[in-house]
Amino acid sequence: MRLSVVIPCFNEERGLAELHEVLCRVLPEVSEDFEVILVDDGSKDGTLGELRLLADRDPRFRFLALSRNFGKEAAMLAGLSQANGELVAIMDADLQHPPELLGRMVDLLAGGYDQVVARRTRTGEKPTRKMLSHLYYRLINKVVDVELEDGVGDFRVLTRRAVQALLSLGEYNRFSKGLFAWIGFDTAVVDYENVQRHAGNSTWTFRKLLNYGIDGVVSFNNRPLRLAIYLGGLVTALAFCYSVFIVVHAVRDGIFVPGYVTIMCGVLGLGGLQLLFLGVIGEYLGRIYYETKRRPHFLVKESSGRPIPVTVPLG
Ligand code: UDP
Ligand code: MG
């Protein structure tokens, strides 16, 4: 059974030699017939040069280079679109996804699953980050329609039909964690110990994580908009009751000029609420804006082996 391993690489120059070595040791035991597809996501360091050398030396390693940094989601999509295998694995270039696990994952897949995902424990992580992500998943699973799991990332093995299903989702804003869950199929989980990065730096900053969190909620449904309707309804009802109260009060007892506190609370509170939901609406509008452009998810600059067109049709 042919196995393709898709690996997005962004500034991974320093780790590629080790990655190659480990994969050459591990993959032949998993599948006699395998290919590795390395996607250079517009790296600024010598990653592309390394990939050229690697592909020259070892024909089982292919690469394609994107014309600039399109982000990991796009890089994975590019890799998936080029994978020929009956089984396709996705993993990181920094060896934080232990390739040794692939054997077990592929075995599980043979048991009738379409996706086998690896779930990492959060050992060695800062307690605050651990707590925040735990809280986030508790919250998000109340909000989105698909089930998202803590510790489960992009490290997984898919069957051909699961890959085809993913490629058929043409949306531009890709929140892959949700997409993997959205396509469904029977999914098995394998646990592994968290591994620290060997070389290079993680590109995640707090701001990126926050944005990722918002993406998770907004990409999957319009419940925040629904919340705006409910909250708007509630506030209007309260405002109506209070208005009746003050009008009756004014008719009966005359008009008092003081009221600074009430007015300020009303103006500030409602102003904040309006801005918040204007932001929520803007978030959806922005997504529609990007989707309507129908731009390709990535552009290909260079590839090993047979040339790949600049724009690759998915599916
Ligand atoms: N990556 C990518 N494009 C990017 C950022 C990251 O292809 O814009 C790749 C990176 O080379 C690595 C994987 O995505 O193989 C995960 O990135 P990273 O290790 O920075 O994230 P973390 O492990 O901290 O989640
Ligand atoms: Mg990493």
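Values quoted throughout were computed directly from the atomic coordinates according to the rules given, and no laboratory measurement underlies them. This structure is a prediction, so every number in the text was calculated from the model and none was measured. Note that we place each Cβ from the backbone using ideal geometry, even for glycine, and neighbour counts take in every protein chain shown.
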Computed ³J(HN,Hα) along the range 90-98: with the Karplus parameters 6.51/-1.76/1.60, θ = phi - 60°, integer Hz and x for glycine or proline, the list is 10, 8, 7, 7, 8, 6, 7, 9, x
Sum -39500 (n - 2.57) across every DSSP H segment of at least 4 residues in the chain, then divide by the residue count to get the 222 nm mean residue ellipticity, nearest 500. -16500 deg cm²/dmol
Phi to ³J(HN,Hα) by Karplus 6.51 cos²θ - 1.76 cosθ + 1.60 over the range 137-145, Hz, x for Gly, Pro: 6, 4, 5, 5, 5, 7, 9, 8, 7
Within the chain, count lysine pairs with alpha carbon atoms under 28 angstrom apart where the residues are 8 or more positions apart or belong to different chains. 26
Tell me, how many Å apart are the Cα centres for the range 1-25 and for the range 75-93? 12
Here the residues of the range 274-290 lying in the modelled label zone of Leu238, meaning backbone nitrogen under 20 Å from a point 7 Å along Cα-to-Cβ, are 274-280
Calculate the translational D of the range 3-202 in whole µm² s⁻¹ from Stokes-Einstein, where the hydrodynamic radius comes from the Kirkwood formula applied to all Cα pairs, the temperature is 10 °C and the viscosity 1.306 mPa s. 92
Added length on full extension, which subtracts the Cα-Cα distance from 0.36 nm per residue, Tyr289 to Arg129: 54.3 nm
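Normalising by the residue count of the chain, find the relative contact order in percent from Cα pairs under 8 Å and 6+ residues apart. Mind showing how you got there, number by number?
Values: 453 pairs, mean separation 69.8, N = 315.
Contact order relative to length: 22 percent.
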Which whole-Hz ³J(HN,Hα) couplings does the range 12-28 yield from phi under the Karplus relation 6.51 cos²θ - 1.76 cosθ + 1.60, θ = phi - 60°, glycine and proline marked x? 10, 2, 6, x, 5, 4, 5, 4, 4, 4, 5, 5, 5, 7, 8, 5, x
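When a footprinting reagent is the concern and you count Cβ atoms within 10 Å, what order do Cys9, Cys24, Cys241 take, fewest first?
On the way: Cys9 27, Cys24 13, Cys241 9.
Ascending number of Cβ neighbours within 10 Å: Cys241, Cys24, Cys9.
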Quick one: Phe277, Phe63, Phe245, fewest Cβ neighbours within 10 Å first, how do they rank? Phe245, Phe277, Phe63
Considering the chain as a Gaussian network with a 10 Å cut-off on Cα pairs, which listed residue, Gly232, Gly254, Gly279, attains the greatest mean-square fluctuation? Gly254
Estimated FRET transfer efficiency (Asn173, Asp253; beta-carbon r; R0 35 Å; 0.05): 0.05
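Using packing as a proxy for protection, rank 49-59, 68-78, 258-268, 135-145 so that the peptide with the highest average count of other Cβ atoms within 10 Å comes first. Working shown, then result.
Values: 49-59: 16.0, 68-78: 20.5, 258-268: 9.9, 135-145: 14.1.
Packing proxy ranking, top to bottom: 68-78, 49-59, 135-145, 258-268.
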Kirkwood Rh, the range 1-108, all Cα pairs: how many Å? 13.6
I want to make sure I understand the PRE zone here: with the label point 7 angstrom from the Cα of Lys142 toward its beta carbon, which residues in the range 211-227 have backbone N atoms less than 14 Å away? 224, 227
